[in-house]
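Report on the following structure.
The values are calculated or read from the model by the stated rules, or taken from the named source; none is laboratory data. Owing to the predicted nature of the structure, the values given are computational and were not obtained by experimental measurement. Cβ placement follows ideal geometry from the backbone for every residue including glycine, while neighbour counts extend to all protein chains displayed. Quick note on the areas: whole protein, heavy atoms, side chains included, nothing else; ligands and nucleic acids left out. Shrake-Rupley method; radii C 1.70, N 1.55, O 1.52, S 1.80 Å.
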Amino acid sequence: MKKSVIFCFLTAIFAIAMTSCKEDEPISVMGEDAIPTVTNDGSISVKAATFTVSTIAGNSTAGLTDGTGSAARFNRPWGLAIDAAGNIYVADNWNGRIRKVTSAGVVSTIAESAGPFNSPFNVVTDTEGNIYFTEWGAHRIRKITPAGVVSTIAGSGTEGFADGAGTAAQFNLPTGIAIDAEGNLYVSDSGNNRIRKITPTGVVSTIAGSGTAGFVDGTGTAAQFNSPGEIVIDAAGNLCLTDNHSIRKVTPAGVVTTFAGNGTAGYADGTGSAARFNGLSGKAIDAAGNFYAADMENNRIRKVTPTGVVTTIAGGAEGFADGVGSAARFFRPSGIVIDAGGDLYVADRLNHRIRKIVIEDDDVEIVPFVQIVITRWNNTLTVINNPANNGGYTFVSYKWFRNGTQFATGQSWSAGENGERINASDRFYVEAVTNNGRTVRSTESPADLKN
């Protein structure tokens, strides 16, 4: 992720000046009789990211050809993984192969002599360079070592449902796959509508899902899924997965909740259940906890913040075009991964290409109305949340800091209500999260306030 060379320090100036006012001349502020001390306009900068889409490998012609950039051929690539060196691994679905794309766009085929596989769907790598993938059409989980040795770590090869060890276990059209720090694999068993776990020794168990297709939050087998898809693990160890036009979350204890979407297909940005997706795929989480999904039937790439705010970062009508944001075009995008720099890679399935999205932060100045007042009985610090003054943004959460330490949340804070005083030596700033998931910060200013 690239940041602007000139970084405007997100200023919302707390220019605090005392105004004398007799106690019998109250002015109503925030619904209280108050003596105004500050009503100031300040500038605040929001880092509004741009999302530039390019093509790193493949072209519109389906095929199986190794090569560099547009000379390479894929046939409906689906899942992606990335290793520590920045190499991309592709489940080249209709070719039945696992492909590798270097950072220079050089495409090769992994374990070519062992293929073709039966509809490889998704792929993940571990720290030792092993590749694991779901073999959707053969109902198995496979492994490829760095030496190219292919083995089956779980699944009998026959469609069914059974927990057990290795090939005694059964799956039904496994799709998503993720790996944790201990080497446990997690699999979306889409035909069985369950989430399965495979230990490093190959023991398979079920952690969530009743087996009945549905859309129900709950714990363990009380939850229901409907053809769950791609999985990624967040920093807290939760599984975040695509299911039934929604983003679902499974905690390590097996508690299933819905984070965004409500099971209804459609297209809408919004927060939580107000958002709409259609045929979700993809799986990537960045360092800030933002989830990225390929909204396949909507031909868009979507972003979901940790607070559940959903936005569209790229794409629109189906087609093919490199470009910025909504000017770019995809045709049934599927897998997504994120590299160490915060840029995204997308398997553009029906365009038979691997695309890259470079995220670049620009400083866009907006002017909010920030107000700090002292009421008659207490000191109150307030942010006025007015989109008309904030470049169209609204603030959805706040953190207040005094002398460098966070001490409060919320749009306003009252010293009197909390039994505190604001000292003349105190220095304050506020951080706010906008409705597009960006964090803004005011400058730090001395309070110079008295009760």
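To the nearest 20 debye, what charge dipole does the range 50-108 have about its Cα centre, counting +1 at the Cβ of each Lys and Arg and -1 at the Cβ of each Asp and Glu?
120 debye
What accessible area per residue comes out for the range 100-208, rounded to a whole number of Å², with a 1.4 Å probe?
Value returned for the range 100-208: 38 Å² of accessible area per residue.
Between Val324 and Thr152, with labels modelled 7 Å along Cα→Cβ, what's the label distance in nm to one decimal, could you check?
5.2 nm
If I model a spin label as a point 7 Å beyond the Cα along the Cα-Cβ vector, how far apart are those points for Ala71 and Thr307 in nm?
Distance between the two pseudo-spin positions: 5.0 nm.
Could you work out how much longer the chain between Ala114 and Ala288 gets when fully extended? Use 0.36 nm per residue separation minus the Cα distance between them, nm to one decimal.
58.7 nm
Just subtract the alpha-carbon distance of Glu417 and Thr271 from 0.36 nm times their residue separation and send over the number in nm, one decimal.
The span from Glu417 to Thr271 would gain 49.4 nm if fully extended.
Dipole of the range 210-340 (Lys/Arg Cβ +1, Asp/Glu Cβ -1, origin at the Cα centre): which of Phe277, Ala321, Gly237 lies farthest to the positive side?
Going by the charge dipole, the pick is Phe277.
Once you order the gyration tensor axes a ≥ b ≥ c over the Cα atoms, which shape class does the range 208-312 get: rounded for a/c under 1.5, otherwise prolate or oblate by comparing a/b with b/c?
Verdict is oblate for the range 208-312.
For the range 116-260, give the percent of accessible area contributed by carbon and sulfur heavy atoms, probe 1.4 Å, rounded to a whole number.
Reported share for carbon and sulfur atoms: 52 percent.
If you average the alpha carbon positions of the range 142-180 and of the range 317-361, how far apart do those two centres end up, in angstrom?
Cα centroid to Cα centroid, the span is 29 Å.
Anything over 27 Å Cα to Cα? Flag those among Lys249/Lys303; Lys100/Lys249; Lys303/Lys356, in the order listed.
Lys100/Lys249
To the nearest 10 square angstrom, how much accessible area does Arg349 have with a 1.4 angstrom probe?
40 Å²
Projecting each Cα onto the charge dipole of the range 78-188 (Lys/Arg +1, Asp/Glu -1 at the beta carbon, about the Cα centre), which of Ala138, Thr127, Gly105 comes out farthest on the positive side?
Farthest along the dipole direction, towards plus: Gly105.
Hey, what's the range 249-295 come to in accessible area per residue, 1.4 Å probe, Å²?
Computed with neighbouring chains in place, this is 35 Å² per residue.
Just check the range 153-256 against the gyration tensor rule for me: Cα atoms, a ≥ b ≥ c as the square roots of the eigenvalues, rounded for a/c under 1.5, and otherwise prolate or oblate depending on whether a/b exceeds b/c.
Oblate.
Under 1.5 on a/c is rounded, so check that first for the range 269-350, then, if it is not, pick prolate when a/b is larger than b/c and oblate when it is not; a ≥ b ≥ c are the square roots of the alpha carbon gyration tensor eigenvalues.
oblate
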